[in-house]
Amino acid sequence: MSSRPVRSQSTVSANVKSRLPALVVIIGGLALTGALLRLVEAPLWTVLRAEQPALRLDSTGAAAGQGVTLGLLGGFRAIVADFTWLRLHVLWEQRDLPATDTLLRLVTAVDPRPLYFWVNGARIIAFDMTAWRIAAAGGYDSVPEARQERIGAEQARLAIRRLEEAMTFHPANAALWVERANIELNRLHDVAAAAASYRRAWEQPGGPDYAARLHAELLKRLGRKAEALAWLVQLHPQLPTGDEATEIVLGRIRDLEKDLQVPAARSYRPPPGGPPGAKPGGR
Amino acid sequence: MTRVPFSFTRARLIGQNTLLEASRQKLFSFLLLLALSLVAGAQGFRDFNFGAPELKFLADLGYGAMAFFGAALTVAATAQLFFSEIENRTALTLLAKPVWRAEFILGKYLGIAAVAAVFCVLLTGLLAAVLWAREGSLLTEFPEAFPHGRTLHFADLVAAGYVQWLKLAVLAAFTLLVASFSQTQLYTVVTGFFVLVICHLQYLAQDASARGDSVFARAVAGAIGLLFPNFQLFNLAENVGAGVAVPWDRVAHVSVYALGYVVAAGALAVYSFRKREI
């Protein structure tokens, strides 16, 4: 009776020993193959990684999550994320803050590609969740204004953090910078930060011209009129000829020149034949 | 008794038989029908699409079905078709005849690769038809959105389907390698899925081996990075439907990469199977 465990132990040991050489050969063979095929893999991987921001995340946890969802779900990511967003809407209607927040994270973890999820998610965090928290604390009438402001600022910072995360997946995206600027302006009331973000939005490829105009408007609001004028003077030649927005910019230049009492000799003169409509390099 | 030379004909016959056997399996029919109906009914999911262009959404769904159900089919079918021969003792009968073990493994592999190919061809064909029909109706509804006519290149669809098949072929070779020394079908299936996950995260192991903190962690990560292929390289379907042409040189490089791993894993499976007692 007592010899049975000893026998089974020795059987296992013999079994492992008999397989060990085969295991070594298999591991050695795969390692050799991996080393040889690294020559093919390395250049391909460099190109692919440059194309897909999800594959070059700094955080190992986030990168692992993306690796698994990308690999196992593949194209299903889109439909899984869409259904998660629908579920999120149900929770949003119920004003369930923790569940909405969880699904907001989940939906972008499953599929970080659509901007829709990031931008609308940031809006929900900054605006809706602020209202929910104030309502939960007793409503706008009973919660002191200072506390309302504090809640709004907390939510705004969370939303900006989400947008910063979005920028790791969508670098050089104007819509994300516009959204950030809107939150900084309307929630944090940080005009200087919003002005800087609108400028960053305009600097991105395909950045909207209105972001450049808003940058100037906010500089004006900050009392930095000379800076605003210099900005608009630099902007105007880059706008399309005959466009309504181009005329608005010229009008604002004239207003600022009047405010700053710029002598007629030094006032801005549009290029002959109107602005060429070219945008600066990198745009 | 004289030893017969290695015969590709025998390997092909075993492969044909494997394919036939697979086609009779309920699992194959179930996964194939599920994937086909999902792709065929993809337009029904359009209302649930947020943010992505419609054709991209349809293409994503199609290749998602191919990758997801294809991987499940490949791992399960490889394990099942290999172990059915062992458990039903047909392998003993077959190998008692002048048939090389290498021919048996090659035949099994060819059969499974053919199963994966049939799956990918059917799904790619159906996806192409769905996309063609939808693009046609979009062209009629919104001609201004298509100033240069059709935007989908069907050669790109085929290339993406082919690369998906290459990935399944590598996965099949690795699952067969596991099956060659494994004692149970369940162990093979579970390990096959682990291999699938590890291969998708292989690039993280490479990163960790380059930037890891401890020497031990770097060594372990380096070993994983060396032993497993990088399945993220096979992710070509991202380009389809997004207006980005499929880079054909990448398709060629991925083919070489996949072939290298298939040959290596196949040869090691033969070596391991020759040492095995049936």
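With respect to the cross-link table entries B:26/B:108; B:26/B:275; B:97/B:167; A:17/B:108; B:56/B:108, which display a Cα-Cα separation exceeding 30 Å?
Working: B:26/B:108 19 Å; B:26/B:275 32 Å; B:97/B:167 34 Å; A:17/B:108 28 Å; B:56/B:108 36 Å.
Correct reply: B:26/B:275; B:97/B:167; B:56/B:108.
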Shielding of B:262-268 by other chains, given as the mean Cβ count within 10 Å, works out to 3
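Averaged over peptide A:23-31, how many Cβ atoms belonging to another chain are found within 10 Å of each residue's Cβ? Present the calculation step by step, with values, prior to reporting the outcome.
Working: counts 2, 0, 4, 11, 4, 2, 8, 11, 4.
Mean shielding count: 5.
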Here region A:160-283 gives, from Cα atoms, an Rg and Dmax in Å of 15.3, 49
Given A:185-192, B:65-72, the highest-first ranking by average Cβ count within 10 Å works out to B:65-72, A:185-192
Expected sort for A:121-132, B:38-49 on mean C-beta neighbours within 10 Å, highest first, is A:121-132, B:38-49
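Summarise the partner chain shielding of A:106-113 as one whole number: the mean count of Cβ atoms from other chains within 10 Å of each residue's Cβ. Please list the in-between numbers first.
Values: counts 0, 1, 0, 0, 0, 4, 0, 6.
Other-chain Cβ atoms within 10 Å of each residue's Cβ, averaged: 1.
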Computed about the Cα centre, the charge dipole of the protein assembly as shown from +1 Lys/Arg and -1 Asp/Glu charges at the Cβ has a magnitude in debye, to the nearest 20, of 2060 debye
For residue A:225, counting only lysines whose alpha-carbon sits under 29 Å away and dropping same-chain residues fewer than eight positions off, the answer is A:258, A:279
Semi-axes a, b, c in Å (a largest) for region B:8-274, each sqrt of 5 times a Cα gyration tensor eigenvalue, come to 36, 24, 15
With only helices counted (DSSP H, runs n ≥ 4, each -39500 (n - 2.57)), the per-residue ellipticity at 222 nm for chain B, to the nearest 500, works out to -26500 deg cm²/dmol
Packing-ranked peptide list from B:180-189, B:5-14, highest mean Cβ count within 10 angstrom first, is B:180-189, B:5-14
Rounded to the angstrom and largest first, Cα extents along the principal axes for the protein assembly as shown equal 110, 62, 45
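Where a number appears in this text, it was derived from the coordinates with a stated rule and is not lab data. As the structure is a prediction and not an experimental result, all values here were calculated from the model. Methodologically, a virtual Cβ is constructed for each residue, glycine included, from the backbone with ideal geometry; neighbour enumeration extends over all protein chains shown.
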